[in-house]
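This report concerns only the one structure given below.
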Amino acid sequence: MPIDDLQQAAQKIAGFINTLNKLGGLRLKYRITAGDGARDPAGFEGRVIYVELAGPDLPLVTQHNGELLLALETTAAQMLRLDQREHDLVSFDAANFKALRAQELRMQAETAAEKVLRSGIPYAFPPMNSRERRLMHMAFRDIKGVETASSGEGQDRFLAVYPEGKTNLPVAPPIKPRGFTRR
């Protein structure tokens, strides 16, 4: 169900951030834009509400590939009772993190495409969230000679790059990095 009242939705999000600041001890400032002013100029997101975060705790929001940023965005979408397919109607960003991440992903796409074109061997990226996989698919559209496909399930879903017309080639799932574990 789309957002019927953008003003009311923006007020709910503002209340949510204020509660995080008060109860969570965070020091975040925010600016919420709703309606036409919230549109993504790059066209990657179909957002109608855009939340820009700033303040002393900004590094907490962007560390670990922006996990907290994504969590805030997901929580806001759930508060507004948006269907999962509509989550891109609400977008959070901090210090231009998403644009910089999109640029980084485009550079990774170009490097992977060169590798696949040179070797003829498919390449698999580590698992990533659906938004980043979508950005990668879009980046590869502009690169001749390669095709992409997503594989895997849930948190293990990854993007594979193939030489054009050869998506039938086997691709090894990416190896998960091993974290620190207790012995």
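Worth pointing out:
- Cα-Cα separations in the chain greater than 22 Å, expressed as whole percent: 53 percent
- The charge dipole of the stretch 46-153, taken about its Cα centre with unit charges on the Cβ atoms of Lys, Arg (+1), Asp and Glu (-1) only, comes to about 340 debye.
- From its DSSP helices (H runs of at least four residues, each -39,500 (n - 2.57)), the chain gives a residue-normalised ellipticity at 222 nm of -14000 deg cm²/dmol.
- Charge dipole magnitude, Cβ of K and R +1, D and E -1 - the chain, Cα centre, debye nearest 20: 660 debye
- Per residue solvent-accessible surface (Å²) - the stretch 4-139, probe of 1.4 Å: 56 Å²
- In summary, the lysines within cross-link reach of LYS166, defined as a Cα separation below 27 angstrom excluding same-chain residues under 8 places away, comprise LYS115, LYS144, LYS176.
- Computing FRET efficiency as 1/(1 + (r/R0)^6) for GLN8 and ASN96, where r is the C-beta to C-beta distance and R0 is 22 Å, gives about 0.20.
- For the stretch 1-56, convex hull of alpha carbons as volume per residue, Å³: 97 Å³
- Under 15 Å from LYS22, Cα to Cα: aspartates and glutamates that are on another chain or at least 8 residues apart: ASP57
- Label point distance in nm, ASN168-ASN18, each placed 7 Å from Cα along Cα→Cβ: 6.2 nm
- The stretch 73-131 pair-distance distribution - Cα-Cα, 10 Å bins, rounded %: 18, 34, 28, 16, 3
- Annotation for LEU60 and GLU104: the two label points, set 7 Å from Cα along the Cα-Cβ direction, are 2.1 nm apart.
- Kirkwood hydrodynamic radius (C-alpha pairs) into Stokes-Einstein, the stretch 1-105, 4 °C and 1.567 mPa s, D in µm²/s: 93 µm²/s
The values are calculated or read from the model by the stated rules, or taken from the named source; none is laboratory data. Computed from a prediction, not measured in an experiment: that's the story for all the values here. Every residue, glycine among them, receives a Cβ derived from its backbone with ideal geometry; neighbour counts consider all protein chains shown. Surface accessibility is based on the protein's heavy atoms, side chains included, excluding ligands, DNA and RNA. Shrake-Rupley method; radii C 1.70, N 1.55, O 1.52, S 1.80 Å.
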